[in-house]
Each structure stands twice: as C-alpha cells, then as structure tokens.
1. Looking at LEU89, LEU75, LEU48, which one is over 30 Å from PRO184 (Cα atoms) and modelled with pLDDT under 95?
2. Considering only segment 3-22, I want to know if a residue exists there that is within 18 Å of ARG231 (Cα to Cα), in contact with a strand residue (DSSP E or B) (Cβ under 7 Å, 6 or more places away or on another chain), among the aliphatic types (A, V, I, L, M) and modelled with pLDDT of 95 or more.
3. With (1) out of contact with any Gly (no Cβ under 9 Å at 6 or more places or on another chain); (2) at pLDDT 95 or above; (3) of a type outside the set (Ser, Thr, Tyr) as the list, and CYS272 as the residue in question, which single condition is left unmet?
4. Can you name every residue in segment 70-87 that is in a strand (DSSP E or B) and either open to solvent by less than 40 Å² (accessible area, probe 1.4 Å) or among the small types (Gly, Ala, Ser) (or both)?
5. I'd like to check which strands (runs of 3 or more DSSP E) are fully inside segment 229-333 and have at least 2 residues that are touching a residue at least 40 places away in the same chain (Cβ under 8 Å) and over 30 Å from ALA25 (Cβ atoms).
6. In segment 212-229, what residues are touching a helix residue (DSSP H, G or I) at 6+ places or on another chain (Cβ under 6 Å) and open to solvent by 30 Å² or more (accessible area, probe 1.4 Å)?
7. Please work out if ARG96 is out of contact with any Leu (no Cβ under 9 Å at 6 or more places or on another chain), touching a residue at least 12 places away in the same chain (Cβ under 8 Å) and assigned to a strand (DSSP E or B).
Amino acid sequence: MMNASDTLDDADRRVVAALQVHPRAGCGEIGRILGEHERTVARRIQRLTASGIVRPTALYDVMRCGLGSSVHVRLEVESGASVRVAQELVSRNDFRGVITVSGRGNVLWCEVILSPERTLHSLMQSGIPGISAVRRLDAYVTLRTFATVAEWHAPLLSEKERRLLRESAVQPISKPADRYPISPTDQRVAEALIKNARISLTSLAKELDFSVATAGRRVTALLERQMLYLRTEIEPALLGLLVEAQLCLKVRPAGVEAVGTALAALPEVRYCAAITGAHNLLVEVCLKHEADLYRFLGERLAHFADITEVDTELITHAYKRGSVIKDGTFAHGGEGH
C-alpha cells in the first residue's frame, strides 16, 4: 500500500489545505499567502489533480435545493459480503457515501439521498433493490447539518493564512432560507462545478452558453445561499491524519444545538449533523493517531455535560465520500494497522 509520506510532502499538504479553505483560489493568491512561487503552486495542483489524489468538486445541500432528503443508513450484511455490497452501492447515484466501520458484525454506513418522489417508508419496507445480503437496515434522517465534509480542512495553516484565503472566497449569507428550489439552469451550473470546482468562469460560460458575467452571478448565488458547497476531496491519510472515527452521540434534546455548533468548530471534526434516533448527533473526526482519538473522547467531549453516551467506531474503509468514488489506494486505518 502506498504510504502517505511517499505521495505528498509538507508543501503539497499546505497547498491542499489552502484549496480546502478556498477551492477556487488562484495559484498566485495561494502562493502569495503560503510564501510559494505561483508556478510552483500551479505545478503542485496540476500534479495532484491529474493523479486523482485531489479532486476539486462540490456538494449539494439537497434539502435546501429541494432535491430530496439525506438519510444515514446502517446496514448489517451477511458475513463476508460487505465488500461486494459496498461495491454494488457505490455505483448508485442515490448513495452519496459508503464506508465500513469497526464494531459488531459486518457493518456499512451509507448516506442515501431520497428524492422527493421516494419516501422513507418505501426505503424501510422495500430495502435496497437488488441487494439481497442485507440482514438489517436502520435509517436515520438528517435534521440539521452543523458541518459538512466540504467545509472541513486539514489543520495545517495558520489562522492568518486561513483568514486571507477566506477573504477572497464567496461569503455565504448569514441566515439563508431553508429552501431555495434550484432551477434547471442553476443545476447545470452546479453539475459543472461538481465535475470541476476550479473551472474558470470563462470556460463555464462557454460550456453552458452564458456570458461570463451571468456565469459569475449564478455561481455566486449558489454559494451565497449555501445551496452548493465547493469542496477539495482528498483522503485524510494523505494529509497525515491516519485515524478516522465515526461517533454516535446521545445528547439531551435541549443541548443538541449548542453541542453541534461547538463540535462543528473543532479542527478534528470533519462532519457533524443532528439525526433522528436515540443517538441524535452523528460526528466524523480525523486525527493523527489513536492516542489523539483517546484524548478527543476523554478531553474534548468531556466538556459537554449534555452528552450522555458515546458510541465510537473506526472508519476502516471509504468506498464513496460525498458522491466521489474512492478506490482505496490511499486508505489507511491508523498507524500499525
């Protein structure tokens, strides 16, 4: 298996972290902020994107766009069937995420996007068409997302560097509406950004037969309203974060908002959402070592009196993240695994 240190050096990782903060930042801007030459930054980005290590993409807020609802599904599958089932699921457009975790039995966690025409009842009653190896299906509806995978960045930059990068990015409005039904035209813009978040406005305008000004206005509106999140996808292991864990937290109802908001602001937290079920907060964290996870559980979470129970599972393999299919080439399970 390829070692993370063989693929990216420290300067590469800092460039990737800058792209995570501002996926559309220009090479000159990144170079100026990080103290690198523009051409050096451009070569690094070209190498990393051409190899597939880094993918500039985007992620819908499906609920805000009126495209459906997000449901986290826990699947228990027959012994020895998890790899086959996962591979079958990643090819489905309605499955946005597929991971395997440690714990009891053969377990897959998936994020499913239910279209407005498909009901939660049908998912629970009919299961997943064509998948026969599932022994049990538990579904948990996303009620509120505090931190998306698109907003996370590796903690490799200074606060000043992060601030300078954010200053030139499109700023979201402070209180977006719960719903902005997306038009077919804006969906075409969104799909182009999902394909390549760094596409220039000139190329986007040419591809969609717009003026450059119109392309710019539509991109800005999608980002300001948080209908779409730009995202720089990379395996956390390649940034030195070899341990990923999924935490299912039981939080007193009155404390969910405060706990979710506070956790979303922590650099270790890659994803945080309120969900239905007894464990009502779902959190993903990325850390360097198992000892860091131990400290996170014992120190970070200990500050929250409203957390009454924690169920911790290591993420052992990612097959799909935010609609990006992963081949596992750069996956790690922690040092010594």
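The values are calculated or read from the model by the stated rules, or taken from the named source; none is laboratory data. Predicted model, so just to flag it, every value in this text is computed and none were measured. Here Cβ is always computed from backbone atoms with ideal geometry, including for glycine, and neighbour counts include all displayed protein chains. Just the protein is used for accessible areas: all its heavy atoms, side chains included, with ligands, DNA and RNA removed. Shrake-Rupley method; radii C 1.70, N 1.55, O 1.52, S 1.80 Å.
1. Values: LEU89 fails: over 30 Å from PRO184 (Cα atoms); LEU48 fails: modelled with pLDDT under 95.
So the residue among LEU89, LEU75, LEU48 that is over 30 Å from PRO184 (Cα atoms) and modelled with pLDDT under 95 is LEU75.
2. Yes, segment 3-22 has at least one match.
3. (1)
4. Result: SER70, VAL71, HIS72, VAL73, ARG74, LEU75, VAL77.
5. Ranges flagged: 243-251, 269-275, 307-321.
6. The answer is VAL212, ARG218.
7. For ARG96, the condition - out of contact with any Leu (no Cβ under 9 Å at 6 or more places or on another chain), touching a residue at least 12 places away in the same chain (Cβ under 8 Å) and assigned to a strand (DSSP E or B) - is not met.
Listed here are the residues, each with its yes/no results for (1) under 27 Å from ILE113 (Cβ atoms); (2) charged (D, E, K, R).
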position	(1), (2)
GLU244	yes, yes
ARG252	no, yes
GLU268	yes, yes
ALA273	yes, no
HIS279	yes, no
HIS289	no, no
TYR319	yes, no
